[in-house]
Amino acid sequence: MDADLIIIGGGPAGLMAAKTAAEEGLKVIIVDKKKDIPLYTKPCCSMLLLEPNYHDENLKTDNGKITFLKTGFSVDYDGEYVDLLGSMRFSPSLHPFTIKANPYPAAKVIDKETLAKKLFSQIDSAGVDIRPSTQGIIAEEAKDSVSVKVRDKNGEKDLTAKFAFVADGVSSNVVNRMGLNKERKFYAKGLALSFMLEGVNFPYPDAFVAFIGKRFTSAGQFYMVPKKMKKFGKDNKVWELTFGVPTGMDINPKEQLLKFKNEGPVKEWLADAKILEEIGCAMSFYSPIENPANGRIVILGDAASFQEVENQGALMCGYVASKLVKEFLEGKRDSLDEYNEFWKRCFEFNHPGVVEATARTYAIHTFTDEQLDYLFSLEENFTTPGWINHCTCADVIFAAFSKHYEEIKKHDAELAEKIKKYSSIAVDAALNT
Ligand SMILES: Cc1cc2nc3c(=O)[nH]c(=O)nc-3n(C[C@H](O)[C@H](O)[C@H](O)COP(=O)(O)OP(=O)(O)OC[C@H]3O[C@@H](n4cnc5c(N)ncnc54)[C@H](O)[C@@H]3O)c2cc1C
C-alpha cells in the first residue's frame with residue numbers, strides 16, 4: 001500500500017486533513033493539480049465569520065492562532081486581519097443598507113495565502129508526501145482499501161491506501177466522475193472574476209459590500225471586501241472586487257469589472273485604484289451530498305457542499321475526518337459514520353429550509369432600480385442587526401423592509417405584496433419586533 005491516507009486537493013480542507021493525519025503518525029499522500037499549492041489563485045472574500053454557533057462552532061483569534069472552541073483544535077495564523085462591522089448593500093442611487101453585528105466585528109478578513117502557506121510548511125515538516133501538478137481522477141473503494149487514480153506529467157497511475165479524502169473543491173470533477181452528482185439537485189453554474197485593487201477610497205467603515213440593481217450590471221453582481229495580504233506588502237490594504245455571474249449570459253466579466261471600476265456609479269471610490277492582480281474561477285451549485293463519508297472514502301469541504309463551507313468549515317472538515325480515520329485505525333471505531341453526523345449538524349445548508357432561505361437572497365435582484373432605491377431609503381442610513389451569513393441574510397433584509405409594510409403598501413401595493421412573498425417571516429410578526 002502506498003499510504004494510510006491519500007488526499008485529493010490541497011485547499012484548506014485537504015491541507016488541514018493532511019496536517020492532522022500526519023501529526024497523528026499516519027502516512028499521507030496529498031495531490032493537487034496546482035504547481036504551487038498554497039498560492040491564492042481563486043476568488044475568495046476570506047472572511048472568518050464570527051457569528052456565535054455558526055457551523056455549530058465558536059471561533060477565537062489570538063496569539064497567532066485561530067481556535068475552534070467547540071471542535072477543539074486550532075490553526076496557526078500569523079497574517080493580518082481586517083475587522084468588518086457587517087455587510088453593506090448599495091442601491092442604484094447608492095442608498096446604503098447595513099446589516100451590523102453586535103458585538104463587533106461580524107467577521108475578520110484573513111490573508112488566506114498566509115494561512116495556507118503555514119499549513120503547507122507544517123505538512124512538509126510532518127513528512128507528508130506532497131505531489132503538486134498531480135491531478136486526482138477518481139477514488140474507488142476496494143476490499144479494506146481504496147484505489148486513487150492520479151495523473152501527472154508521466155501519465156496515469158493508481159495509488160492505494162487505507163482511506164481517501166476527496167477535497168478538490170467546488171465543482172469537484174472527482175465527485176462527478178464518482179457518479180455522486182446524480183443523487184444531487186443541480187441549481188446553477190457561475191463564474192467569479194476578481195480584481196485585487198490598491199487605493200480604493202471607500203467612504204464607510206470596513207464591511208463586506210455588495211451592489212444591487214441593474215444600474216450596476218444587467219446580470220450578476222458586484223461585491224468587494226477589504227484585505228491585508230502579505231504578498232502585496234505590509235500595511236498595504238487592498239480590496240478584492242468580484243463580479244459573480246451565472247454562466248450562459250452574454251457578458252464578458254472582465255469588461256464588466258473594468259466598466260464598473262472606470263465608469264460605474266461608484267467610480268469616485270475607485271478613481272485612484274490600481275489593479276494588482278486578476279483571478280477567477282467557475283462554480284457549480286448542487287444540493288449537498290447527504291452522506292459524504294461512505295466506507296473508506298470521504299468527500300471533504302466544498303466538494304460535498306451546496307454553497308461553500310467557507311475556509312473555517314473546510315478546516316473543520318479536514319480536522320474531523322482525519323481524527324476519525326486515526327480512531328478507526330486504532331480500532332476505536334468501525335466506520336466513519338460520525339463524519340456524516342458532524343456534516344449534518346455543523347453545516348446549515350443540510351438543515352430543513354436553509355437552501356431555500358439562501359436562494360431567497362437572489363430575490364432581491366428581481367426588484368427594479370426604482371424599487372430598490374425606494375426600499376433602501378425607507379430609513380436614513382438603513383441599518384438592521386444581523387451577521388454576515390448567506391443563509392439568513394435574505395430573511396434579515398426582508399424582515400427589515402417588512403417593518404415598513406404599511407408604508408410600502410400605501411406607496412406601491414404590488415411592491416408590498418412582493419416583500420411579503422419573499423419574507424419567510426410573517427409580516428404581522430415582523431411589525432411587532
Ligand atoms: C467568490 C467567492 C467568495 C468566497 N468568500 C469566502 C469568504 O468570505 N470566507 C470563506 O471562508 N470562504 C469564502 N469562499 C469559499 C472558500 O473559498 C471555500 O469554501 C474554501 O476554499 C473551501 O475549501 P476546500 O479545501 O474545500 O476547497 P478549495 O479551497 O477549492 O481547494 C480545492 C483544491 O483542490 C485542488 N484541485 C481541484 N481539482 C483537483 C483535482 N482533480 N486533482 C487535484 N487537485 C485538485 C485545487 O487546486 C485546490 O487547491 C468564497 C468562495 C468564492 C468562490
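Read-outs: derived from the displayed coordinates by stated rules, not from any lab. Every value quoted in this text rests on a predicted model; they were computed, and no experiment measured them. Neighbour counts run over all protein chains shown; Cβ positions are idealised from the backbone, glycine included.
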Degrees, to the nearest 10: 12-23 long Cα axis against longest axis of the chain: 30 degrees
Leading residue at positive end of dipole, the chain (Cβ point charges), from 194, 96, 179: 179
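For region 94-150, what is one quarter of the convex hull surface built on the Cα atoms, given in nm²? Numbers along the way, then the final one.
Working: hull surface 37.2 nm².
Projected over every direction and averaged, the Cα hull of region 94-150 covers 9.3 nm².
Expected output is a single nm value to one decimal: the length gained when fully extending between residue 70 and residue 258, i.e. 0.36 nm times separation in residues minus the C-alpha distance. What is it?
Details: separation 188, 0.36 × 188 = 67.68 nm, distance 4.34 nm.
Computed gain between residue 70 and residue 258 is 63.3 nm.
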Taking the number of other C-beta atoms within 10 Å as the exposure measure, put 16, 47 in order starting with the fewest. 47, 16
Sorted by Cβ density within 10 Å, fewest first, the residues 251, 8, 397: 251, 397, 8
Under unit Cβ charges (Lys, Arg +1; Asp, Glu -1), what dipole magnitude, rounded to 20 debye, does region 42-98 have relative to its Cα centre? 220 debye
Taking a 19 Å limit on the Cα-Cα distance, which of the listed pairs 70/323; 108/403; 227/274; 65/237; 33/157 fall beyond it? 108/403; 65/237
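Looking at region 1-56, which trypsin sites (Lys or Arg not before Pro) are in a loop (DSSP not H, G, I, E or B) and have at most 13 other Cβ atoms within 10 Å?
Hits after loop and neighbour filter: 35.
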Provide the FRET efficiency to the nearest 0.05 for the residue 154-residue 198 pair, computing r from the beta carbons and using R0 = 45 Å. 0.65
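How big is the charge dipole of the chain about its Cα centre, in debye rounded to the nearest 20, if each Lys and Arg gets +1 on its Cβ and each Asp and Glu gets -1 on its Cβ? Provide the component values of the computation, followed by the final result.
Working: 54 positive and 61 negative charges, 141 e Å.
My answer is approximately 680 debye.
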So for the pair residue 93, residue 39, with labels modelled 7 Å out along Cα→Cβ, what separation do we get in nm? 4.7 nm
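Note the full-extension length gain between residue 368 and residue 282 as 0.36 nm times their separation in residues minus their Cα-Cα distance, in nm to one decimal. Could you put the intermediate results ahead of the total?
Values: separation 86, 0.36 × 86 = 30.96 nm, distance 2.77 nm.
Stretched out fully, the residue 368 to residue 282 stretch lengthens by 28.2 nm.
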For the chain, the charge dipole (Cβ of Lys, Arg +1; Cβ of Asp, Glu -1; about the Cα centre) points to a positive end, and the Cα of 405, 419, 305 closest to that extreme belongs to 305
To make sure I understand the rule: partners must be aspartates and glutamates, Cα under 17 Å from the Cα of residue 421, and not fewer than 8 residues away in the same chain. Which ones qualify? 356, 395, 406, 407, 412
Kindly list the residues of region 92-120 that lie in the label zone of residue 78, defined by a backbone N under 13 Å from the point 7 Å along the Cα-to-C-beta vector. 114-115, 117-119
Run through region 294-399 and list the trypsin sites (Lys or Arg not before Pro) located in a DSSP loop whose Cβ has at most 16 other Cβ atoms within 10 Å. 332, 333
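If I stretch the segment between residue 177 and residue 417 completely, what's the gain in nm (0.36 nm per residue apart, minus their alpha carbon distance), one decimal? List each step's numbers first, then the result.
Values: separation 240, 0.36 × 240 = 86.40 nm, distance 4.45 nm.
Difference between extended and current length: 81.9 nm.
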Mind computing the radius of gyration and Dmax over the alpha-carbon atoms of the chain? Å is fine for both. 22.3, 72
Describe numerically, in nm with one decimal, the distance between label points set 7 Å from Cα along Cα→Cβ at residue 236 and at residue 140. 4.9 nm
Using the Cα centre as the reference, give the magnitude of the dipole from point charges on the C-beta atoms of region 186-285 (Lys, Arg: +1; Asp, Glu: -1; all else neutral), rounded to the nearest 20 debye. 160 debye
Selection of GluC sites (Glu not before Pro), region 307-378, meeting DSSP coil and at most 12 other Cβ within 10 Å: 330
Please rank 195, 202, fewest neighbouring Cβ atoms within 10 Å first, as an exposure proxy. 202, 195
